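The values are calculated or read from the model by the stated rules, or taken from the named source; none is laboratory data. All figures in this text were calculated on a predicted structure; none of them were measured in a lab. Every residue, glycine as well, gets a Cβ built from its backbone with ideal geometry; the counts of neighbours run over all protein chains shown. To get the accessible areas, we keep the full protein, side chains included, count just its heavy atoms, and leave off ligands, DNA and RNA. Shrake-Rupley method; radii C 1.70, N 1.55, O 1.52, S 1.80 Å.
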Amino acid sequence: MRLSNQQKMKIHIHQATVDDAHLLTEMGTRMFAESFGAFNRPEDMQVYLEKSFNQAAIRAALLSDRVIYLLVTLSKQVIGYAKVSQNTSPIPIQGNNPIELDRIYIDLAFSRRGYGSQLLAACVDAARQMGGDMLWLGVWERNEQAIRFYKRWGFEIVGEMEFVLGADIQNDFVMAKGIGRSS
């Protein structure tokens, strides 16, 4: 389905509530599996998905004042989400209050249309609302498309960290970008 330029801009980004826990569980599981399932062993994926995308954990995060989930809707259909968290970085990162971009996904059927950039801009705003002056993230070293996307946004690789997917220990790049503070 090809959208006109006018239709491309008609997304709405809003903060998720605890009522969205089931939706985030389903979306998170599906989008992570679609993005990384072909590159990993099924048993490792299953362990990670059950741990990271269970509804109880997502509900708890939605109730936390240290986490903001954002939902992206297009014509009343949710096509993406992001999670911004006040988490400690695994490596030293500059800034007084670095905020983690924990997750950011646009449904593959809607990718490469600028929605990811709009969602990332909303994540920067959310991080500033949390008092953040630096936004950091972990990205799989083999995810070249995502690395290019973050670099276009001004993120720089500042280190590396382990990412545990089931029994598989992988390497992620830590990328960071100064975002200043909202006034």
Next on the checklist: Every residue in region 73-88 that is in a loop (DSSP other than H, G, I, E, B) and surrounded by fewer than 17 Cβ atoms within 10 Å (Cβ to Cβ), please.
Outcome noted: SER75, LYS76, ASN87, THR88
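Suppose we keep only residues that are open to solvent by less than 70 Å² (accessible area, probe 1.4 Å) and of a type in the set (S, T, N, Q) within region 112-146. Which one would you say is nearest to SER52 (Cα to Cα)?
Step by step, filter region 112-146, then rank; the result is ASN143.
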Item to check | Yes/no for ILE91 being in a loop (DSSP other than H, G, I, E, B), under 26 Å from ASP168 (Cβ atoms) and among the β-branched types (Val, Ile, Thr) | outcome: yes
Checklist entry - Tell me, which residue of region 32-55 that is crowded, with 19+ Cβ neighbours inside 10 Å and not aromatic (Phe, Trp, Tyr) is farthest from TYR81 (Cα to Cα)? => result MET45
Checklist entry - Somewhere in region 147-161, is a residue modelled with pLDDT under 95, in a loop (DSSP other than H, G, I, E, B), surrounded by 14 or more Cβ atoms within 10 Å (Cβ to Cβ) and touching a strand residue (DSSP E or B) at 6+ places or on another chain (Cβ under 9 Å)? => result no
Checklist entry - What residue, among those in region 162-179 that are open to solvent by 20 Å² or more (accessible area, probe 1.4 Å) and in contact with a Gly (Cβ under 9 Å, 6 or more places away or on another chain), is farthest from SER52 (Cα to Cα)? => result GLY178
Checklist entry - Are any residues in region 122-153 free of Cβ contacts under 8 Å to residues at least 40 places away in the same chain and in contact with a Gly (Cβ under 8 Å, 6 or more places away or on another chain), and if so, which ones? => result PHE149
Next on the checklist: Among the numbered criteria (1) open to solvent by less than 20 Å² (accessible area, probe 1.4 Å); (2) out of contact with any Asp or Glu (no Cβ under 7 Å at 6 or more places or on another chain), which one does ILE106 miss?
Outcome noted: (1)
